[in-house]
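Below: the structure, in structure tokens.
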Amino acid sequence: MLRQRPSIPADLPAPTGRLVDSRGRPVKDLRISVTDRCNFRCVYCMPKAVFDKDYAFLPRESLLSFEEITRLARLFAAHGVTKIRLTGGEPLLRRNLERLVAQLAAIPGMEVTLTTNGVLLPRKAAALKAAGLARVTVSLDSLDDATFRAMNDMDVPVADVLAGIDAATAAGLGPIKINMVVKRGMNDHEIVPLARHFRGSGHILRFIEFMDVGSSNGWRLDDVVPSAEVVRRIGAHFPLEPVDPNYTGEVAERWRYADGGGEIGVISSVTQAFCSTCTRARLSTEGRLYTCLFAQSGHDLRALLREPRSDAELSAAIGAVWQARDDRYSEIRTAATAGLRKIEMSYIGG
Ligand code: SAM
Ligand code: SF4
Ligand code: SF4
């Protein structure tokens, strides 16, 4: 039988002062994976050969409850976190997610966002908006139906994602960021068509370099299309000019169409590491705290939650993990590190 869970404190714990890691980086963003399951099997994330064979998805009782997630989020807020991104796996598969959104959005000063493959947005967008969700990011790797079906490997048509983007826009969750992971030889022929499609829409298309996250996607450096090449290829059709970052440490480098057709972003995690300004913590589906997307192990906060420990003890544990943080994987990536056993993105939260 589960022990009685501690209730959420009515007030935020006292501020803990400026928490920084061993490289002087504060904690500002918290990514929370609310499920390790997904209705897609993207070849670069959850390849069928691994995830439909002997992969052990988490049993329901392993998952943090909404109350447990919210309690931790409040403690992170006291340490300086102002943005939460719900992710997974596919976060919209978690039942009643809007209830969690409402609890998190009620934390003073907290902005709550979500990354999704988009197919459940027609059903969920309005409720998420009403619950206080600020924005959504939708992943879309191709407009060409055959390419898209091959990449999600579940035969899901592009039209389902476009309907999700429309639903989110109609619900007031725009402008929407659209994430395209570019894999050479698979969807790089879709870079310019996607740019053309979203130009002038108000949405912001962002190109992500294919990363060696997890241990199952068969990553090779040759499959990475450098962001500089993406900018060059789009610029040859639609001239682009650089835009200043919105804030220090912004992950996406911004570019705008010279003719006023809006802007795009490029995320160069492989060719231009941004570890020196990385302020992101990750909470896995079962409550492990990771200080890097490429970490090989995490810190078990669920055990502390369920013992149960006081807010002060939990807060001190979080602070100690962050203070000891030394991660800078993308700066030291080599062919050898790419082969290390790492946590899957669907578990740690993309
Ligand atoms: N299922 C949701 C989705 O696809 O938007 C949220 C979770 S997904 C793991 C979060 C983001 O990680 C997506 O934009 C996805 O494209 C990206 N991603 C997954 N595997 C990746 C990889 N190997 N390299 C770069 N980005 C990746
Ligand atoms: Fe699922 Fe997102 Fe991973 Fe694709 S990228 S398999 S949609 S979690
Ligand atoms: Fe942050 Fe780790 Fe990515 Fe570097 S490699 S930017 S430390 S998550």
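The table that follows gives values for the structure above.
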read-out: Output for the range 182-240, where each listed residue is small (Gly, Ala, Ser) and either under 20 Å from ALA273 (Cβ atoms) or surrounded by fewer than 22 Cβ atoms within 10 Å (Cβ to Cβ) (or both); value: GLY185, GLY200, SER201, GLY202, GLY214, SER215, SER216, GLY218, SER227, ALA228, GLY235, ALA236
read-out: Filter result for LEU340 (open to solvent by less than 60 Å² (accessible area, probe 1.4 Å) and under 25 Å from GLY88 (Cβ atoms)); value: no
read-out: Qualifying residue in the range 144-160 (condition: open to solvent by less than 10 Å² (accessible area, probe 1.4 Å), away from ligand 1 (no atom under 12 Å from the Cβ), aromatic (Phe, Trp, Tyr) and more than 17 Å from GLY350 (Cα to Cα)); value: yes
read-out: Residue count, the range 318-337 (criterion: away from ligand 3 (no atom under 12 Å from the Cβ), surrounded by fewer than 17 Cβ atoms within 10 Å (Cβ to Cβ) and at pLDDT 85 or above); value: 3
read-out: From the options THR116, THR137, residue that is out of contact with any Lys or Arg (no Cβ under 7 Å at 6 or more places or on another chain) and hydroxyl-bearing (Ser, Thr, Tyr); value: THR116
read-out: Selection within the range 230-254 - under 11 Å from SER268 (Cα atoms) and either at pLDDT 95 or above or touching a Gly at 6+ places or on another chain (Cβ under 7 Å) (or both); value: VAL230, ALA252, GLU253
read-out: Filter result (open to solvent by less than 20 Å² (accessible area, probe 1.4 Å) and in a helix (DSSP H, G or I)) within the range 168-181; value: ALA168
read-out: Single residue of the range 274-296 satisfying the filter (more than 12 Å from ligand 3 (Cβ to nearest atom) and more than 15 Å from the chain's Cα centre (by Cα)) that is most open to solvent (accessible area, probe 1.4 Å); value: ARG288
read-out: Criterion violated by SER268 - all others in (1) open to solvent by less than 30 Å² (accessible area, probe 1.4 Å); (2) away from ligand 1 (no atom under 16 Å from the Cβ) satisfied; value: (2)
read-out: Residue check, ALA163 open to solvent by 40 Å² or more (accessible area, probe 1.4 Å), of a type in the set (Gly, Ala, Ser), without any contact (Cβ under 8 Å) to a residue 24 or more places away in the chain and at negative phi; value: no
read-out: Any hit, the range 308-316, residues being open to solvent by less than 70 Å² (accessible area, probe 1.4 Å) and within 16 Å of ligand 2 (Cβ to nearest atom); value: no
read-out: The range 324-349, residues that are aliphatic (A, V, I, L, M) and under 17 Å from SER284 (Cα atoms); value: ILE343, MET345, ILE348
read-out: Test result for LYS83, within 16 Å of ligand 3 (Cβ to nearest atom), open to solvent by 30 Å² or more (accessible area, probe 1.4 Å) and of a type in the set (D, E, K, R); value: yes
read-out: Selection status of THR87, within 16 Å of ligand 1 (Cβ to nearest atom), of a type in the set (S, T, N, Q) and modelled with pLDDT of 95 or more; value: yes
read-out: Residues satisfying the stated conditions in the range 194-238, i.e. within 16 Å of ligand 3 (Cβ to nearest atom) and aliphatic (A, V, I, L, M); value: ILE208, MET211, VAL213, LEU221, VAL224
read-out: Residues of the range 48-68 that turn out to be within 16 Å of ligand 1 (Cβ to nearest atom) and open to solvent by less than 20 Å² (accessible area, probe 1.4 Å), as a count; value: 1
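The values are calculated or read from the model by the stated rules, or taken from the named source; none is laboratory data. Since this is a predicted model, take the numbers as computed values, not measurements. So basically every Cβ, Gly included, is an ideal-geometry build from the backbone, and we count neighbours across all protein chains shown. Quick note on the areas: whole protein, heavy atoms, side chains included, nothing else; ligands and nucleic acids left out. Shrake-Rupley method; radii C 1.70, N 1.55, O 1.52, S 1.80 Å.
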